[in-house]
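Novice: Just passing along the structure, written as structure tokens.
The values are calculated or read from the model by the stated rules, or taken from the named source; none is laboratory data. Note that the structure is predicted; figures quoted are calculated from it, not measured. Areas reflect the complete protein model, heavy atoms only, side chains present, ligands, DNA and RNA absent. Shrake-Rupley method; radii C 1.70, N 1.55, O 1.52, S 1.80 Å.
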Amino acid sequence: MGGQYRITGDKYPRMRRRRGRRRLVFLAVASVTALGLVGWGTLQLIDVFTGKGDKATAAGTKGDCTSKVGPSAKASTTSTAAGTLPKPGQITVNVLNATPRSGLAKQTADELKKRGFRIGDVGNAPATYDKKVNGAGILLGAKGAAQAALPVLGTQLSGAEVKTDGRAQADRVDLIIGTAFKSLAKKEDADKALATLSGPRPAASASPKSC
């Protein structure tokens, strides 16, 4: 009986049991993995349809350097009030003719009066400037008029040279007509220049945050 009923190694019952256990373990792991993937995919779909995915994306970019529209960014679009400038009616202009052409001072003074300026002395320029102004003219006034009355008067005559002297009265200035003078600026152009000068000036834009 010993040789007839000998069980060979490849038919040993324990080998079949071990192989079956491995299959069961593999199937169990595969099932758990599949269920996990299905569950994860379901959660992702829920996040997409409920909008939570967007919140996650926003949270992820919170640390990034991006420009934001806020009070600091709005500073570039706001304006600051321009410095107080006198109106033409608050400025007295002495119109002085430094050219050989007669009647030029009165003609210019009359036009400035129509544009709202007050007129002071009208006549020939003093010896310091007579026949010595080659340009369109000189706007002369006190140092305090350099950022007030003189720029306002300058809107009426393009190309005029601006100078200051030691006078104390800032609202009384001189318009000395030079040999290159042809006429005052057109009224509509002068009005536009005056509106731009008197209008608000753009504020300095906020510097963007450096990354």
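Novice: Counting only heavy atoms of the protein chains, get the accessible area per residue of the stretch 84-211 (1.4 Å probe) and round it to a whole Å² value.
Specialist: Accessible surface, normalised per residue, equals 57 Å².
Novice: Could you calculate the contour length gain from Ala146 to Arg115, that is, 0.36 nm times the residue separation minus the distance between their Cα atoms, to one decimal place in nm?
Specialist: Value of the extension gain: 9.1 nm.
Novice: Now, a different point. Kindly report, to the nearest 10 Å², the accessible surface of Lys163 as traced by a 1.4 Å probe over protein heavy atoms only.
Specialist: Lys163 exposes around 80 Å² with every protein chain in place.
Novice: Ok, one more. Residue separation times 0.36 nm, minus the C-alpha to C-alpha distance between Glu161 and Thr84: what's the value?
Specialist: Difference between extended and current length: 25.5 nm.
Novice: Right, next: Pairs to check: Lys114/Lys187; Lys113/Lys143; Lys163/Lys187; Lys132/Lys187; Lys131/Lys187; Lys143/Lys163. Give those whose C-alpha atoms are more than 18 Å from each other in this structure.
Specialist: Beyond 18 Å: Lys113/Lys143; Lys163/Lys187; Lys132/Lys187; Lys131/Lys187.
Novice: In addition: Taking H as built 1.01 Å from N, whose amide H comes closer than 5 Å to the amide H of Gly120, not counting residues under 5 places away?
Specialist: Amide H neighbours of Gly120, under 5 Å, 5+ apart: Val93, Asn94, Val95.
Novice: At 1.4 Å probe size, with the rest of the protein present, what percent of the exposed accessible area of the stretch 91-187 is carbon and sulfur atoms?
Specialist: 49 percent
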